[in-house]
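Please read the structure below before turning to the comments.
The numbers here are math on the coordinates, done by the rules we state, and not lab data. All figures in this text were calculated on a predicted structure; none of them were measured in a lab. As a convention, Cβ positions derive from the backbone with ideal geometry for all residues, glycine included, and neighbour counts pool all protein chains shown.
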Amino acid sequence: MSIRVAVQGALGQMGREVIKAVAAAPDMTLTGGCDARAPENTMSFDGVELFITADVNKCLVKTKPDVVVDFSLASAVPQTAETAARAGVSLVIGTTGLTPQVLARLETLTREFNIGIVVAPNFALGAVLMMELARTAAKYLDWAEIIELHHEKKADAPSGTAIATARMMQAARETPFESPKDETEHKSRGEEFYGVPIHSVRLPGLVAHQEVIFGTVGQTLSIRHDSISRDSFMPGVLLAVREIAKRRGQFIFGLNKLLGF
Ligand SMILES: NC(=O)C1=CN([C@@H]2O[C@H](COP(=O)(O)OP(=O)(O)OC[C@H]3O[C@@H](n4cnc5c(N)ncnc54)[C@H](OP(=O)(O)O)[C@@H]3O)[C@@H](O)[C@H]2O)C=CC1
Ligand SMILES: O=C(O)C1=N[C@H](C(=O)O)C[C@H](O)C1
């Protein structure tokens, strides 16, 4: 049976890419789109005709999806998730910048309303591998910093991927990472998350990139991933849709869990 999918953030950079990917997936039916400033209308997305509205509830009632894919803004996620949950609709959430409180509420919603939710800070396979490799290296190398580089329109800093990477790296260790002892006057050393300094670069020309640099005596190890276009995220998004459609009651954080890492 075809999985019915609606897209929240449909007019955004990721939303438009998801619309193309879902429309081309043989086992999915694209039902509708929502976006903050959408005119209530049928719109054409690269030849795909789609009902779109600013009202999430209207989108769900009118188009009856099984799954909502959300790439919008962190502040919009709670309302979308509550509305979807009450309608019994599962969610795939790629939006970053979610607080621990919002994540905890999302987990509760899965049990309260028997829906499935996947939240993944990065849907690109290479990025998931970069994070896993950084997790492994973190067990052996005591110094590390992260540089994440994104397009200039990105709303949040640091990226969700960088924060999740730092958390995975620290969780793999028994001791905190080392850091310089004599830095009494620094003004530009990034911001520490889980003991790992993160440096955020924002420039036109970039899409989504991250380098994790480890250091120890006489050597460094750099693990780098580059998304050079947004179609890099689509196989992961489609995998998440397929999986969550059959996993009611489950909350899954990270694409790594669906890839069996
Ligand atoms: N997990 C992953 O693999 C990836 C995650 N992301 C994340 O996805 C999110 C979106 O990224 P991107 O597409 O580049 O951003 P865009 O700004 O291009 O798109 C976001 C869209 O959501 C809309 N929006 C804003 N507020 C609301 C609201 N309250 N209700 C409904 N829609 C709203 C925006 O409208 P308007 O422009 O009018 O504000 C815009 O059309 C970000 O959090 C980003 O970090 C991005 C890439 C990959
Ligand atoms: O905003 C983006 O573009 C991206 N956001 C995600 C993040 O914050 O990690 C994933 C990817 O880096 C692209």
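Let me know the shape class of the stretch 125-227, please: from the alpha-carbon gyration tensor, a ≥ b ≥ c as square roots of the eigenvalues, rounded when a/c is under 1.5, otherwise prolate if a/b is greater than b/c, or oblate.
Since a/c reaches 1.5 but b/c is at least a/b, the shape of the stretch 125-227 is classed as oblate.
To the nearest 500 deg cm²/dmol, what mean residue ellipticity at 222 nm is calculated for the chain from DSSP H runs of n ≥ 4 alone, each contributing -39,500 (n - 2.57), summed and divided by the residues?
Result for the chain, helices only: -10000 deg cm²/dmol.
How far, in nm, would the chain grow between Glu152 and Ser179 when pulled straight, counting 0.36 nm per residue and subtracting the alpha carbon separation?
Gain in length upon complete extension: 6.8 nm.
Taking the DSSP beta bridges in the stretch 4-124 as the whole, what percent of them are antiparallel, to the nearest 5?
20 percent
Can you tell which of Leu91, Leu141, Leu11 shows the greatest fluctuation in a Gaussian network model of the chain with Cα springs below 10 Å?
Sorting by GNM fluctuation, first place goes to Leu141.
Using 0.36 nm times the number of residues separating Arg248 and Lys58, minus their current alpha carbon distance, what extension gain do you get?
Extra length from Arg248 to Lys58 when fully extended: 66.1 nm.
Quick check: residue separation of Val48 and Ser2 times 0.36 nm, minus the Cα distance between them. What number comes out in nm?
Working it through step by step, the gained length comes to 14.8 nm.
List the GluC sites (Glu not before Pro) within the stretch 92-167 that DSSP assigns to loop and that have no more than 16 neighbouring Cβ atoms inside 10 Å.
Glu152
Just flag the trypsin sites (Lys or Arg not before Pro) in the stretch 34-124 sitting in loop per DSSP whose Cβ has no more than 14 other Cβ atoms within 10 Å.
Those that pass, being in a loop and sparsely packed, are Arg37.
Which value in nm describes the separation of the simple spin-label points at Ile228 and Ala74, placed 7 Å from the Cα toward the beta carbon?
3.1 nm
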